[in-house]
Structure formats: C-alpha cells, structure tokens
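The values are calculated or read from the model by the stated rules, or taken from the named source; none is laboratory data. Small disclaimer: the values here were computed from a predicted structure and weren't measured. Positions of Cβ are backbone-derived with ideal geometry, glycine not excepted, and every protein chain shown enters the neighbour counts. Accessible surface areas use protein heavy atoms only, side chains included; no ligands, DNA or RNA. Shrake-Rupley method; radii C 1.70, N 1.55, O 1.52, S 1.80 Å.
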Amino acid sequence: MCGIVGYVGPRDCTDVLVSALTKLEYRGYDSAGIAVFENGRIEVAKSKGRLTDLVAKMEREGKPQGHAGIGHTRWATHGEPSDVNSHPHSGRRVTIVHNGIIENYKALKQFLIDNERTEFLSDTDTEVVAQLLDFYYDGNPVKAIRRVLHEVRGSFALGIVFADRPETVYAVRCESPLIVGQGVGEAFIASDVPAIIKYTKDYYLLEYGEIAVLKNGSVTFCDLHGRMVEKELKTADWDEDSAEKGGYPHFMIKEIHEQPTAVKTTITPRIENGMPDLSECGITPETLKKVNNVFIVACGTAMHAGMVGKYIIEKYARVSVTVDIASEFRYRDPLIGEGDLVIIISQSGETADSKAVLNLVKGTAAKTLAIVNVKGSSIAREADMVIYTHAGPEIAVASTKAYMVQLAVIYLLAFEMAYAKGKIDEGKCQRLTAELMRIPDVIKETIEKTVDQCQYISTKLITADSLLYIGRGLDYALSMEGSLKLKEISYIHSESYAAGELKHGTISLVEEGMPVIAVATQNRLLEKTVSNIKEVKARGAMTIVICDEEADIDPDAADYLIRIPKRYEVLMPMVATVPMQLLAYYTSVNKGNDVDKPRNLAKSVTVE
Ligand code: F6R
C-alpha cells in the first residue's frame, strides 16, 4: 500500500525519484508526488492518477531541480484519490511522504486543532502527521520525529524533509517496510529493493522505530531513544533485469514464464539425496514429528496455496490441517497451543492481517512457520522458522509465480513431515520428491502447449457478466485461485464452487452461454466431475474443461477442452494452474485492462 522513495546525491533528484517510483507503482497507483530541495526551498509537484500523469504535469509546469528529495505513489486509504490528497503533505516547515496507516489520526487532529493548528487541506491521516511533526519541531529534526513516534499509533513508514535542513532526507520505519540504499556518494530510501536496484544493490533494512538521516551521500541511524545504531549493509541478489519486463508486454506474463526457474531455484537447495531437507530453514524431522495439528493462515492467493496444502499434508502426513483467512482467524479467538504448527504464507511478508496472526500466535505455545518471498520482511523475521520462496521480485499485482513456489514449498514440507512421522517410507518420499523435481519442465511444457488455446478461449470470456469455476478435491482448491485470478484482472464476476455442491443452490445462476470452467485432473473424481459438467452444460453453460491429456472426457461435455501434461495426480495443481493464469491474463489483455495494475488493488496490503 503506497510506495515511498527518497534521494540525496549528485544526480538529478526528480529523475531518480520518478525512476524509483516507476518500480513501486505496483504498491499503489492512484496518485503520485515528489518534494525536492531547489535552491534551498522545498518544491512540491503532485497529481492524481498514474505516475505518467505527474510526469506530464511536470513537463507542462516545470519539474523541480535539485539533489535531495522524497517521492510517493499512493493507494488511497483516507480520502479519495485527488490532487490535494496526493502526497507529499506539509506542515509549515515539514513535508512528508507516508506508507501505511495512522490509527489515531482523529485524536491527533483534534489535539492539533485544540492547539490552534487548523490549516488542514486534505482528508488524509498523513497530513496530520506532517502537522504534528511541525508542532513539535524546535530545530532538532530527530527529536521531533522521536516525539511524534511516541504519539502516533499504527503501521507506517515516513520519508521527511525539513525546510531549514536542505539537502537532507529523514526516514523512519514503524512496521511498514523501508530500506535505505547506499551508493557511492549517494543514498536512497525506498519501500522495496527493486526501486533502487538500478542505482545500487547495497542497502540497510530499517527496523521498527529506527530513524535514518541521509546527508552528503551517506547515512546515519538512531533508534527510538536517540541512540546511534550500527547497521549491517546487505546486498540484494536481484539484478535490474529481474525488476524489468525483459521484452514481455506485462510483468504478469513475464512472471508466468519465470515459474519453471522460480520452482527450480526454490526446491533444489532443499533436496538432499533425493529427499526433502528443510534443515537450512530451521526445520528438522524432530520438529515435524511433534506436530499434532497444522493451521495455515494467509490472505488471497497465499490462502489458496494453503487450501492445496490442506489436501496434501492431510493425505501424506495424516495431520489435521485447518486453513483460515488471516483477517478472520485473528478475531475468532482460535484454539491453538502446544503441538500446533501455524504456517503463515505471504509473498510480501508484510500483509497486515497475516502479521497480526503471527503476533497473536507468538503469545501461545504453538510454533510458527513463515513461507515468505521477500527476504528480511517482517513476517519472515518474526516467525520461529522461515522457508523463503525464491521467486524473485513479483511486480504484477496478480500473483502467479509466488503462488507456484508456495505450492512447491508446501509439497516439500508435506513430504518431509509424512516421512518424519513414519506415514510414508523412504522410497515413496523419494519418488514423490523426484516427481516434484520434474515439475519445472512440465510447467514450461504446459505454457508452450496451452498459451495459444488460452488466448483464443479468452476471446469467448470477455463478454461474460459472470462465470463459475468448479472442481472436486484438489481441483476445487485450485479453482478458487483460478477464479480470483480472473476476476481481479478482468473485472468479470466469478465464483469458485465445489462441483458437487452446485446443485444445492448455485446452479440456478447458470443460464444460456454462461462460461463454466471445470478443472478435472483428479482421476478418482473424474466421473463425478464430468457428471457435474454435464449438469451445467444441460442448462446452457459454455463449458471449458481443463484435464490431463489422457482423461476420458465425453466430447459432449466440453465446448473447449484444454489438455495439459499428465503427472502424479497430487502434483497436478502446479500444472493446471498454468492455463488458469493464462486465461485470466489474456481475458484482461483482450478487455484492454491494465493487467499489472488492476483497479482498486495494490500489491502489498499493509492495512487491515
Ligand atoms: C492476488 C494476490 C493477493 C495476495 C494477498 C496476500 O493475486 O496477490 O490476493 O495473495 O494480498 O498477499 P501476501 O502474499 O503478500 O501476504
């Protein structure tokens, strides 16, 4: 939710801020703005709309010229997207950009009004912080920031400039992620590493309550109490290319094509002598042996990966698995304790509800395991154990490769747990692991085989008002993700349903021409699923069936048949996901939507 950047150094500051914001636009894109020191004065340029609207505005009206400043790309929380609600926001001597949310901004605003600070221009919580900083500012910026940190509640990160401290940028982190990049004679702040990778790979990760001061191209840090802090300089293992489209028209399609490599990179280091080995993640057979119940808690796509996990872990490790939406779990007083393993899945590692679940569980005897893509993110650092997925940066808002690697990790975990508990023998564990190792090539083959057909079928979906995804067992778990993918980027209403449950109500929605996408990869359930497909077909549905190349499907049941390679049934979710991603992608493209930045969404959801 929102991206912030800052720069101090010899380059043209506006160019650097705009370039960095381009890489953060996935975090929010309803308005953008910058504040730059020009001849000792803070010049602000901001605009409702995309970053390109801001650039066009600066071309018309002149762009701030200078060597230090801050920038922002917004996903509105308080106040509609508008020029005036766009960041930066200012008090009399202070200008800030903000990512996150200020929970007690109303009380703080009242406090300021009671103290004769009434000049509020916007509806944002951010402006309240700018005014509060100004209220406490007595010429010592760090002191004012520390004072404000003691009063403000919420999860946020700020980039700050003070009018009487030219060429200096201040930054502070309270929960919301913030990194400080260090180049040669220049320094940066950013919500995420890809924003600055073009300029430097070296960065510091700000911790909760830490304040950074960027001046003369270098950085100093202090904590909430004003004590100086020495920080470890990290080096990103991503290169500039991984944060670029690399010749593809959209990040989403690039990321779909990156899946074979992402899976290979994620699983290879965790396989020893043909067996899963998660010891580098702090997970040993002894730990897994002691697990009595598993809870998988996550949001959106990550939660859908957990749905697949439930089937796999229960099937092989014979441990009961409960899957929950993080925003529900945290408020339902869950029964967890000794012997329970709570797995939190998150691409970003910063999702507010998932983070809250982690904090809740930490107060119990249950163990926490994070499956996270972004290194050093809050969830990764706070969980008892962490398995990093190595998908590289996922830029498209609609998650594809992150989901795929989450599945891969869940398989490894399930197989290792099953073996540790004596539920499968070594031979079986090796066979399952060997099949998993073949999956990257199968994904590649599936993309090649289905891409044209999915592109064609998507032209039949664009006029639909609504559609259904159906499946049984693992195919049902998978169809939830297919449905979400399609609706979030095509804006076509879609629901996923357990195929056998349709006739208990939902089938009344089916009418002439309604697309129904059926996933039928589980042989044991094939006949049953085919019956359900025929039931909707008999009521006028246009049926699209995703099944393996050997499945015996009555030609009358399917208007379109998408055949995918046949592998172990249990691994089919990683194969069948591919055509679902492609269908969603091309439907969005054919509708002329902004595929990578669908309306009303943002990549990292750091608000409740
Ligand atoms: C959908 C999508 C979201 C995320 C969800 C959780 O394509 O990406 O549903 O899966 O917001 O985000 P993370 O995984 O970062 O916790």
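For the reader, a short list of remarks on this structure follows.
- Residues in region 331-351 that are assigned to a strand (DSSP E or B) and within 16 Å of the ligand (Cβ to nearest atom): VAL342, ILE343, ILE344, ILE345, SER346.
- Selection count where residues are without any contact (Cβ under 8 Å) to a residue 60 or more places away in the chain and in a helix (DSSP H, G or I), scope region 480-499: 3
- Taken over region 172-187, residues that are part of a strand (DSSP E or B) and among the aliphatic types (A, V, I, L, M) amount to 4.
Listed here are the residues, each with its yes/no results for (1) under 27 Å from VAL605 (Cβ atoms); (2) within 16 Å of the ligand (Cβ to nearest atom); (3) at pLDDT 95 or above.
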site	(1), (2), (3)
LYS234	yes, no, no
TRP238	yes, no, no
PRO249	yes, no, no
GLU255	yes, yes, yes
CYS281	yes, no, no
SER320	no, no, yes
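- Taking the criterion of being open to solvent by 10 Å² or more (accessible area, probe 1.4 Å) and under 15 Å from LEU413 (Cβ atoms), the residues of region 308-339 that qualify are LYS310, TYR311, GLU314, LYS315, TYR316, ARG318, VAL323.
- As a summary of the residue check, VAL357 satisfies the conditions (1) among the hydrophobic types (A, V, I, L, M, F, W, C); (2) closer than 15 Å to TYR331 by Cα; (3) under 13 Å from the mean Cα position of the chain (by Cα) except for the one numbered (3).
Let's see how each residue does on (1) under 14 Å from ALA298 (Cβ atoms); (2) without any contact (Cβ under 8 Å) to a residue 60 or more places away in the chain:
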{"residue": "VAL319", "(1), (2)": "no, no"}
{"residue": "THR322", "(1), (2)": "yes, yes"}
{"residue": "ILE325", "(1), (2)": "yes, yes"}
{"residue": "ARG332", "(1), (2)": "no, yes"}
{"residue": "ASP340", "(1), (2)": "no, yes"}
{"residue": "GLN347", "(1), (2)": "yes, yes"}
{"residue": "ASP353", "(1), (2)": "yes, no"}
{"residue": "ASN373", "(1), (2)": "yes, yes"}
{"residue": "GLY392", "(1), (2)": "no, no"}
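- GLY100 meets all of the listed conditions (1) at positive phi; (2) surrounded by fewer than 18 Cβ atoms within 10 Å (Cβ to Cβ) but one, namely (2).
- Hey, VAL44 open to solvent by 10 Å² or more (accessible area, probe 1.4 Å) and under 30 Å from GLU255 (Cβ atoms) or not: no
- A single entry from LEU571, LEU601, LEU526 fulfils the requirement of being touching a helix residue (DSSP H, G or I) at 6+ places or on another chain (Cβ under 8 Å), at pLDDT below 95 and not assigned by TED's automatic domain parsing to the domain that holds LYS23: LEU601.
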